[in-house]
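Undergrad: Handing you this structure, nothing more for now.
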Amino acid sequence: MRPVERYILSLVVLLSFASIANAVAAEERTINFSVSEVPGLITVSSDLNTTNLLPGFEYHYTLSVRWGIPNESLRAITADRIKLYINVRPVENNTFIYFKKDGEKIRQYFFVLECAIENDSCSNTSVLSKDIEVYYLLAPGANVSLEQLAISASLAPFADEETVEEVDSLISRLSGEHLNEELSKRFDNARRMADDGDYASARDELNKIVSLIPVPTPVSSTPASEDRNNNWDLILGILLALVVLLLVVLSATFLSRKGRRRNNKEGFEALEEHEIKGHDYVEEPETPPENVEYKPPEEKKGDQPVVQRVPDWFG
C-alpha cells in the first residue's frame, strides 16, 4: 500500500472513532413519571334527616368533617405543617339552615384542620376532624322539598390577599392596645374567626372594635423649641425664688445677730457702771433747782454819781 493510501486510511479510522465518541457524549435519556392531584381533601358524614319536620320548631344535627389527605401525599414533602381551611354554608336563598357560635346564630361556619407532619404522616398533635352542630328551622307555610349544604375545603384561606393583609394589620394594631374586658373578648373572638379562615367576618369585627376604642386626649402641638423655652423660664423662676428666699434668711440672721450684740453691749456698760459705783451705791433722787427771784439793786437817794477824771494827755 502506498504511503498516500495508508495516510487516507488512518485519517478515516480516526474520524470514525471521533464520531463514535461524540455520539456517546451527547446521549440523552428521559424518565417518565405520572402526576395526579390528591383525589380529595376531606370526608364528610352527617345524621341530617329533614323529613317529617314540624314547622316552627328548631332541629339540630351533627355534621362531621375529617381529614382526607392520604399519607402518600406527605412523602418527601418539605413542609412541616399543612392546614385545611373548611367552610360550611347553606346554598343561597336558604334561610332555614344555620349554625351557632358562642350562642349566636351564624350563616356560615369556618374552621381549620391541621396536620403536623412527622415521618411522612400526621402526628398525634394534629387536628384531623371536627363535628359541627347544624340547626334547621322550617318556617310555617314554607314549600321546601330539597335542601343543600355546601362544604368547601381549601389549602388557602377563603379570602383575597388584600383582606388577609388588612386583618393581619388590624390584629397587630389591636394587640398593642389596652382593651377593656368586653373588647378583649370580642378581639379574641375575631382572632378565632381569622384562625378559622373567616377573614371577612374577622375584618368586620375588628373594625367595630377599633371604632369602640376611646379616643385619647389630644396631645398639645406646642413645638419642641417652645417647650424648651418654657422649661428654661420655669427653671429661672425657681432659681430666682430661691435667691430671694436666701436673701431673706440672711437678712433675718444678720438683724438677729446685730440685736444680740447691742443687748450684750448695753449689759456690759451697765455692769461696768455698777462695779465702779459699788454694790452699796444707792442712787439719790435728783433735787430740783430752787427758784431764785432776781431783784435789781435799790438806788439810794442822795448818792452822787461817780465822776472819773480823765487825764489831760488823753485828749
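The values are calculated or read from the model by the stated rules, or taken from the named source; none is laboratory data. For clarity, every value in this text was computed on a predicted model and none was experimentally measured. Quick reminder, even Gly has a Cβ in these numbers, built from the backbone with ideal geometry, and neighbours come from all protein chains shown.
Undergrad: Going through 166, 147 one at a time, which residue ends up being among the acidic types (Asp, Glu) and in a helix (DSSP H, G or I)?
TA: Going through 166, 147 in turn, the sole match is 166.
Undergrad: Just the residues that are over 20 Å from residue 85 (Cα atoms), free of Cβ contacts under 8 Å to residues at least 12 places away in the same chain and part of a helix (DSSP H, G or I), please, taken from region 169-212.
TA: Listed by number, the residues that qualify are 169, 172, 175, 181, 182, 184, 185, 211.
Undergrad: While we're looking at this one, here's another question. Could we say that residue 188 is out of contact with any Asp or Glu (no Cβ under 8 Å at 6 or more places or on another chain), more than 18 Å from residue 89 (Cα to Cα) and at pLDDT 90 or above here?
TA: yes
Undergrad: Then there is this: Anything in region 23-46 that is closer than 30 Å to residue 135 by Cβ and exposed (fewer than 10 other Cβ atoms within 10 Å of the Cβ)? List them, or say none.
TA: Hits for region 23-46: nothing passes.
Undergrad: For residue 176, state whether it is at positive phi and within 39 Å of the chain's Cα centre (by Cα).
TA: No: the conditions fail for residue 176.
Undergrad: Does residue 100 meet the test of being under 20 Å from residue 40 (Cα atoms) and surrounded by fewer than 18 Cβ atoms within 10 Å (Cβ to Cβ)?
TA: no
Undergrad: Shifting gears a bit: Scanning region 37-79 for residues that are free of Cβ contacts under 8 Å to residues at least 40 places away in the same chain and in a strand (DSSP E or B), which turns out nearest to the chain's Cα centre (by Cα)?
TA: 43
Undergrad: Would you call residue 135 within 20 Å of residue 198 (Cα to Cα) and of a type in the set (Phe, Trp, Tyr)?
TA: yes
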